[in-house]
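Student: First the structure, which I've put down as structure tokens, then a few questions once you've had a look.
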Amino acid sequence: AILPILSYPDPRLRTIAEPVKTVDADIKQLIADMIETMYDAKGIGLAATQVDRHIQLIVMDLSENNDSPRVFINPKITPLVEDKKPYEEGCLSVPDVYDSVERPVKVKIEALDGEGNAFEEIAEGLLAVCIQHEMDHLNGVLFVDYLSSLKQTRARDKVRKYLKAREKQL
Ligand SMILES: O=C(O)C[C@@H](Cc1ccccc1)C(=O)SCC(=O)c1ccccc1
Ligand SMILES: [Zn+2]
């Protein structure tokens, strides 16, 4: 099912996600729903926080044809270098807002996959940017938090206008 995505500045986006205890049928259904929701919203990642489920679960698909979804459960990120690089980020919870955020260029990811099996991965490029953006969601942090207060005010106004326009067309 396509799930509703919370929009900034909804306070529920600030909830800290709990670890997943067992990857059971309910979690597997949520994973399927989040992947469907991510594709419908034309995103490349989605954190469970964004669909108001406060558990440590991220889905992602960086592929060209949107046919290779990735699942990260109880992920742990460790920066491997001090070096940071800016990237023009967006967020499905802050529609129509894009701005530059600096993040470590190389990180280690330790997580469980969709079957509950532990794995470790070194991430660079867009995977490193996206996993850190999604991890922030699980910790109640949004990419706009890194921007100036003026830009945050503008982001709030833009989201309000975007949601009003969407209401009218629905
Ligand atoms: O809100 C989210 O977590 C999804 C977000 C993930 C993300 C994209 C880009 C940089 C960091 C994190 C999105 O998918 S935003 C929409 C999008 O597809 C996109 C935006 C900018 C660059 C590339 C893709
Ligand atoms: Zn986001």
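The values are calculated or read from the model by the stated rules, or taken from the named source; none is laboratory data. Predicted model, so just to flag it, every value in this text is computed and none were measured. Here Cβ is always computed from backbone atoms with ideal geometry, including for glycine, and neighbour counts include all displayed protein chains.
Student: Of everything in the stretch 13-37 that's without any contact (Cβ under 8 Å) to a residue 40 or more places away in the chain, within 15 Å of ligand 1 (Cβ to nearest atom) and among the hydrophobic types (A, V, I, L, M, F, W, C), which residue is surrounded by the most Cβ atoms within 10 Å (Cβ to Cβ)?
Tutor: MET34
Student: Right, another one. State which residue is farthest from ligand 1 (Cβ to nearest atom) when the search covers only the stretch 60-108 and only residues that are touching an Asp or Glu at 6+ places or on another chain (Cβ under 6 Å) and among the charged types (D, E, K, R).
Tutor: LYS76
Student: Just give me the residues in the stretch 39-53 being closer than 17 Å to TYR8 by Cα, more than 6 Å from ligand 1 (Cβ to nearest atom) and either without any contact (Cβ under 8 Å) to a residue 60 or more places away in the chain or acidic (Asp, Glu) (or both), in sequence order.
Tutor: ALA41, VAL51, ASP52, ARG53
Student: Do we have any residue at all in the stretch 121-135 that's aliphatic (A, V, I, L, M), under 23 Å from MET34 (Cβ atoms) and away from ligand 1 (no atom under 13 Å from the Cβ)?
Tutor: No, the conditions are met nowhere in the stretch 121-135.
Student: Could we say that VAL105 is farther than 23 Å from HIS54 by Cβ and among the β-branched types (Val, Ile, Thr) here?
Tutor: yes
Student: Return a yes/no flag: does the stretch 78-85 have any residue that is under 16 Å from the mean Cα position of the chain (by Cα) and surrounded by 15 or more Cβ atoms within 10 Å (Cβ to Cβ).
Tutor: no
Student: Also, I was wondering about something else. Just for the stretch 108-139: of the residues that are touching a residue at least 12 places away in the same chain (Cβ under 8 Å) and under 17 Å from LYS21 (Cβ atoms), which one is nearest to the chain's Cα centre (by Cα)?
Tutor: The qualifying residue nearest to the chain's Cα centre (by Cα) is LEU138.
Student: Ok, one more. Those residues that are more than 10 Å from ligand 2 (Cβ to nearest atom) and buried (at least 21 other Cβ atoms within 10 Å of the Cβ), I need them from the stretch 136-147; list them, please.
Tutor: Listed by number, the list holds a single entry, LEU138.
Student: How do the strands (runs of 3 or more DSSP E) wholly within the stretch 69-170 filter down when requiring 1 or more residues that are at pLDDT 95 or above and β-branched (Val, Ile, Thr): which remain?
Tutor: 70-79, 99-104, 106-112, 118-124
Student: Looking at ASP52, is it of a type in the set (D, E, K, R) and over 26 Å from ALA155 (Cβ atoms)?
Tutor: Here the answer is no, as ASP52 does not meet what is asked.
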